[in-house]
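Asker: Following this message is one structure expressed as structure tokens.
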Amino acid sequence: MIKDQLGDSSDLSVHEFRTSVGQTGMLLFMKGYTNEEKLDEWILPWLMREGQEQTLTNQRLRSMPIWKDIVEDEPKKAVTGLLAGQTILLLEDVLEWFLLDTAKWPERSISEPQLEVTVKGGRAGFVESLAVNISQIRHMIQSPRLHVEQLTMGTLSKTQVAVLHVDGIAKPEILSEVKNRIKDIDDDMILGADQIALAIDDHPWSAFPLIRTTDRPDAAAAALSEGKVAILSAHSPTCLLVPLTFSETLQNMDDYYEKWYLATAIRLVRLFAFFISLTLPALYVALGHYNPGLIPTDLLVSMMSTRVEVPFPIIWELLIMEITMEFFRESGVRLPRPLGTTVTLAGGIVIGEAVVRAGLAGPITLIVVGLTALASFSSPSYSMAYTFRLARVVLTLMAALLGLYGLVLGLMFILVHLASLKSFGVSYLSPLAPASYRDWVDNILLLPYQLRNRRPNYLTKSRTKKK
């Protein structure tokens with residue numbers, strides 16, 4: 001019956017045995033993610049020892065220390081357990097099928113986070129094991145108020161998904177909305193947390209990230225203590241945190257390990273870098289095409305002298321260099337890390353020099369593109385950096401069409417769009433709009449630790465103090 005459902009699966013292993021009294025039995029398990037050492041060293045010796053003098057019965061099998069479930073006339077449930085790494089035990093004269101807890105999935109060891117790199121703080125990151133990831137958060141929040149609810153998603157993948165929150169801190173309406181959206185996902189293959197994030201996004205047509213993705217257990221634990229809801233998935237080394245606000249994309253875990261004035265200065269630098277990465281190319285095109293009179297005379301003469309032999313308008317020159325920069329970025333990401341860094345650095349220097357010498361672009365354009373690229377790398381949020389890259393191209397095209405008016409209209413459109421976004425019922429611009437002045441202690445600015453003694457109003461169901 002099991003073989004009929006699995007077909008000719010070569011990874012299905014069947015081990016037949018016979019006890020001393022002549023009772024026959026069979027162990028069925030899947031190779032690769034079943035602990036065969038446990039079968040050889042624990043289960044089979046126990047069966048042989050207990051079956052030396054009398055027939056094994058249902059009652060005696062229940063005393064086996066590692067049995068997990070009993071199945072009777074439910075082959076589908078038995079197959080589900082088998083595919084989850086459990087072993088099926090069949091015995092002569094015993095009607096029930098015993099599922100033994102022998103799962104052993106391949107796992108990599110805990111390593112440093114790659115998505116959110118910090119100078120200070122912990123060095124442990126999430127891995128692809130759901131149990132290990134939950135245990136890392138449990139290690140940091142050792143309280144019975146941390147609740148974990150597990151769900152099974154995907155009719156084919158049977159992926160285990162966990163929803164975590166701290167009882168009494170997280171808003172019930174946010175928690176309920178998260179669970180409902182996850183349960184409404186209708187997909188037979190759930191491969192990880194990032195796929196879940198796409199399915200539960202409030203605004204799938206918006207380019208701005210509305211769900212935070214982190215691979216740091218300390219960041220997840222801190223967010224849970226503030227009132228957020230965390231989503232973990234098997235096969236995924238990342239954690240989803242909801243809701244997300246725009247100002248949180250400027251924040252990094254290093255901020256909370258530094259003096260408040262240093263952290264505030266770093267956040268302001270990041271905000272300025274955000275603005276530069278978004279507007280500098282568009283501003284360069286607008287001033288160069290439509291409003292050169294706004295540029296100081298000496299600087300304008302210098303800019304024009306470097307563009308005498310350039311055959312393209314500024315907009316085409318800039319777009320060509322932006323596309324070239326994207327080529328370097330993608331090649332650096334896809335190539336092996338040591339090789340990717342070398343190719344990106346050497347290629348950028350060689351091609352940049354060749355482009356200027358050939359008169360295809362001016363040095364000012366290279367400076368603008370280089371500064372823009374450096375500014376975009378300062379973003380702690382990988383998803384937000386992608387969004388700004390897309391928005392930058394749109395603003396540049398609007399500036400090429402309408403000059404400074406196009407740039408201002410584009411910025412106004414982005415601001416209106418941000419104000420219209422919500423993440424699980426929370427305004428994306430909170431606590432700036434709607435204004436909650438008490439929550440500004442940890443927003444774009446970071447005030448002294450002694451003043452950060454209350455949780456954000458938009459995350460918690462009560463204005464509870466941190467104790």
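Computed from the coordinates by the stated procedures, all read-outs in this text should not be read as laboratory data. Being a predicted model, the structure only gives us computed values, none of them experimental. Because the Cβ atoms are built from the backbone with ideal geometry, glycine has one as well, and the counts that use them run over all protein chains shown.
Asker: Calculate for the chain the 222 nm mean residue ellipticity that helices alone would give, adding -39,500 (n - 2.57) per DSSP H run of length 4 or more and normalising by residue count, nearest 500 deg cm²/dmol. Each step should come with its number before you reach the end.
Answerer: Numbers: 15 runs with 201 residues, N = 467.
It comes out at -13500 deg cm²/dmol, rounded to the nearest 500.
Asker: Order these by the 10 Å Cβ neighbour count, fewest first: Met412, Met48, Met325.
Answerer: Details: Met412 10, Met48 13, Met325 20.
Ranked by crowding around the Cβ, least crowded first: Met412, Met48, Met325.
Asker: Quick one: helix 260-289 against the long Cα principal axis of the chain, what's the angle to the nearest 10°, folded into 0 to 90?
Answerer: 60
Asker: Further, regarding this structure: State to the nearest 20 debye the size of the charge dipole of segment 130-244 about its Cα centre, where the only charges are +1 on K and R beta carbons and -1 on D and E beta carbons. Numbers along the way, then the final one.
Answerer: Numbers: 10 positive and 14 negative charges, 74 e Å.
Rounded to the nearest 20 debye, it is 360 debye.
Asker: Under unit Cβ charges (Lys, Arg +1; Asp, Glu -1), what dipole magnitude, rounded to 20 debye, does the chain have relative to its Cα centre?
Answerer: Numbers: 44 positive and 49 negative charges, 421 e Å.
With only Lys, Arg, Asp and Glu charged at Cβ, the dipole is about 2020 debye.
Asker: Please state the Cα pair-distance histogram of the chain with 10 angstrom bins from zero: what percent is in each bin?
Answerer: Once binned at 10 Å, the Cα pair distances of the chain give 4, 16, 21, 19, 16, 11, 7, 4, 2, 0, 0.
Asker: A further question on this structure: I need two numbers for segment 159-280: Rg to one decimal and Dmax as a whole number, Cα atoms only, in Å.
Answerer: 16.0, 50
Asker: Taking the number of other C-beta atoms within 10 Å as the exposure measure, put Val394, Val355 in order starting with the fewest.
Answerer: Working: Val394 15, Val355 20.
Arranged by neighbour count, lowest to highest, Val394, Val355 become Val394, Val355.
Asker: Additional query: Tell me the angle of helix 297-306 to the major Cα principal axis of the chain, expressed in degrees between 0 and 90 and rounded to the nearest ten.
Answerer: Between the helix axis and the principal axis of the chain, the angle is about 70 degrees.
Asker: List the pairs from Lys77/Lys171; Lys38/Lys158; Lys120/Lys158 whose alpha-carbon separation is above 28 Å, in the order I gave them.
Answerer: Going by Cα-Cα distance, Lys77/Lys171; Lys120/Lys158 fall outside the 28 Å limit.
Asker: Based only on other Cβ atoms within 10 Å, what is the fewest-to-most ordering of Tyr437, Tyr257?
Answerer: Values: Tyr437 9, Tyr257 13.
If I rank by nearby Cβ atoms, fewest first, I get Tyr437, Tyr257.
Asker: Limiting things to C-alpha atoms, what are the Rg and the maximum Cα-Cα separation (Dmax) for segment 237-330, in angstroms?
Answerer: Final numbers for Rg and Dmax: 19.3, 54 Å.
Asker: Quick one: if the Förster radius is 22 Å, what FRET efficiency do Val408 and Leu300 give, using the C-beta to C-beta distance and rounding to 0.05?
Answerer: Details: r = 22 Å, r/R0 = 0.98.
Approximately 0.50, to the nearest 0.05.
Asker: For segment 105-173, report the % of Cα-Cα distances exceeding 19 Å.
Answerer: Details: 1158 of 2346 pairs.
Result for the distance tail: 49 percent.
Asker: Turning to a different aspect of this structure: Which loop-located trypsin sites (Lys or Arg not before Pro) does segment 224-314 contain, where loop means any DSSP state but H, G, I, E or B and the Cβ has at most 11 other Cβ atoms within 10 Å? Walk me through the intermediate numbers first.
Answerer: Working: sites: Lys228, Lys259, Arg267, Arg270, Arg307; in loops: Lys228, Lys259, Arg307.
Counting only loop positions with at most 11 other Cβ atoms within 10 Å, the trypsin sites (Lys or Arg not before Pro) in segment 224-314 are Lys259.
Asker: In whole Å, what three semi-axes, largest first, describe the equivalent ellipsoid of segment 92-212 built from its Cα gyration tensor (square root of 5 times each eigenvalue)?
Answerer: Working: eigenvalues 157, 98, 62 Å².
Equivalent ellipsoid of segment 92-212: 28, 22, 18 Å, largest first.
Asker: What is the helix-to-structure angle for 130-140, meaning the angle in degrees between its Cα long axis and the longest Cα principal axis of the chain, kept from 0 to 90 and rounded to the nearest 10?
Answerer: Roughly 70 degrees between the two axes.
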